[in-house]
Amino acid sequence: MALIRVEGVSVAYGKPPHPVLADITLEIQEGSFVCVLGQTGCGKSTLLRLVLGAEQPNTGRILIDGREHRRPDRVCGYVPQKYSLFPDRTALDNITFGPEACEFGLFGRLRPRFYARRRAWRQEAFEYLVKTGLAPGDGHKYPDQLSGGMQQRVAIAQALINKPRILLMDEAFSALDPGTRADMQHLIRTLWQATGTTILFVTHNTQEALSLGTRIVVLAREGSGGSRIMADLDVPRPCEESEIPRLVRRLEGVSRQREDRRELEYKAPLLDG
C-alpha cells in the first residue's frame, strides 16, 4: 500500500471559483524522493499543503497509510521556502520547540518532567545540528546571527527532530545563492539516504529536480482549468550525465506545450472576434 494517496483532488479559490488543481490522483511509496515540478502558480505549493493537512480539497481526499489526513501532525515535517524560525529563540531552542510543544503544550515548564525531557531534546538537537553541517556553537546563536544557508539548515533540523515519516519541502533552496544551494542539495540527499524518510520536494528548477529526485511529477494547466499531472517520470539512479540534457528537454517541453496551448485558447476568442 502506498504511504501517500492523493485521490481525485480538486481545489479552487475565490468567488467566482478560480481552479488551481483539477482531479489530481497520485500514489507515493514510502522511502521515495518525489520532486513536484512546474511553473510558478501551477499549484505545487497547494498540493504540498494538502498533504500536510493545512488545507482541504474541494473534492477528493488525501490518505496517509490508508487513513484520511485532514490536519498537520508529526507524521509530516514541513520546510517552507522562507525559513520559519522564531527570531527571539536560539537555533537550539528553535529546533526543540516542536517536541516541547507537542508533549507539554504551552504550560509545560510547570511540569516536573519538563526539564529532564528538555535536556534529552537539547542533546538530540545538537546531534541534528552536526548532521545538517552546523557547529555545536551555532546552537546558541539567534537567527539574525546566521546566514541564509545556516538558517535553512536549522529549519531542516527543526523538521527532522520530530522524526517525520514524510518531509515536505516547498522551494526550500530557491532563496539561496548557487554555491549554498548545491551544498543543501547534497545535504538533503545524504540525509534522505541515511534516514529513509519519504520526501516530497516542490521546485520549479528542472536541474534541481533531476539532481535530487527518484521520481518527478510535472504539474501544468490545461486551458482555463486547474493544473493536472502532465508527466510522471522515474529518474534512474545513478543518473548518467549524458542523459540529463534529454530529460531536461522532455520535462521542460511538457510545461512549454501546455503553456502554449493555454495561450492559444486565450487568444482564440479574440481572433474569432
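The values are calculated or read from the model by the stated rules, or taken from the named source; none is laboratory data. Note that this is a predicted model, so its numbers are computed, not measured. In this analysis, Cβ positions are derived from the backbone assuming ideal geometry, glycine residues included, and neighbour counts consider all displayed protein chains.
General remarks:
- Thr25 vs. criteria closer than 17 Å to Leu219 by Cα, part of a strand (DSSP E or B) and not hydrophobic (A, V, I, L, M, F, W, C): yes
- Selection over the stretch 109-145 of residues that are at pLDDT 85 or above and farther than 17 Å from Gly98 by Cβ gives a count of 12.
- The residues listed here are Ile166, Ile188, Ile161; of these, the one that is within 14 Å of Ala91 (Cβ to Cβ) and touching a residue at least 12 places away in the same chain (Cβ under 8 Å) is Ile161.
- Criterion violated by Phe173 - all others in (1) at pLDDT 90 or above; (2) under 30 Å from Pro87 (Cβ atoms) satisfied: (1)
- Considering only residues in the stretch 133-165 that are within 20 Å of Gly196 (Cβ to Cβ) and hydrophobic (A, V, I, L, M, F, W, C), the one that is surrounded by the most Cβ atoms within 10 Å (Cβ to Cβ) turns out to be Ala157.
- Test: Ala2 is under 24 Å from Ala194 (Cα atoms) and either in contact with a helix residue (DSSP H, G or I) (Cβ under 6 Å, 6 or more places away or on another chain) or among the acidic types (Asp, Glu) (or both): no
- Qualifying positions in the stretch 28-54 - assigned to a helix (DSSP H, G or I), of a type in the set (D, E, K, R) and touching a strand residue (DSSP E or B) at 6+ places or on another chain (Cβ under 6 Å): Lys44
- Residues considered: Pro57, Pro19. Of these, the only one that is in the same structural domain as Thr206 (by TED's automatic domain parsing), of a type outside the set (D, E, K, R) and part of a strand (DSSP E or B) is Pro19.
- Some residue of the stretch 36-51 being over 26 Å from Gln207 (Cα atoms) and assigned by TED's automatic domain parsing to the domain that holds Met169: no
- Test: residue in the stretch 84-93 that is among the charged types (D, E, K, R), assigned to a loop (DSSP other than H, G, I, E, B) and in contact (Cβ under 8 Å) with a residue 24 or more places away in the chain: yes
- Among residues of the stretch 122-175, those that are in a loop (DSSP other than H, G, I, E, B), of a type in the set (S, T, N, Q) and under 24 Å from Gly213 (Cα atoms), counted: 3
- Some residue of the stretch 221-233 being at pLDDT 85 or above, surrounded by 19 or more Cβ atoms within 10 Å (Cβ to Cβ) and in a loop (DSSP other than H, G, I, E, B): yes
- Unique residue being in contact (Cβ under 8 Å) with a residue 40 or more places away in the chain and more than 14 Å from Leu168 (Cα to Cα) when the list is Pro19, Pro80: Pro19
- Selected residue (criterion: surrounded by the fewest Cβ atoms within 10 Å (Cβ to Cβ)) from residues of the stretch 183-212 that are of a type in the set (S, T, N, Q) and part of a helix (DSSP H, G or I): Gln193
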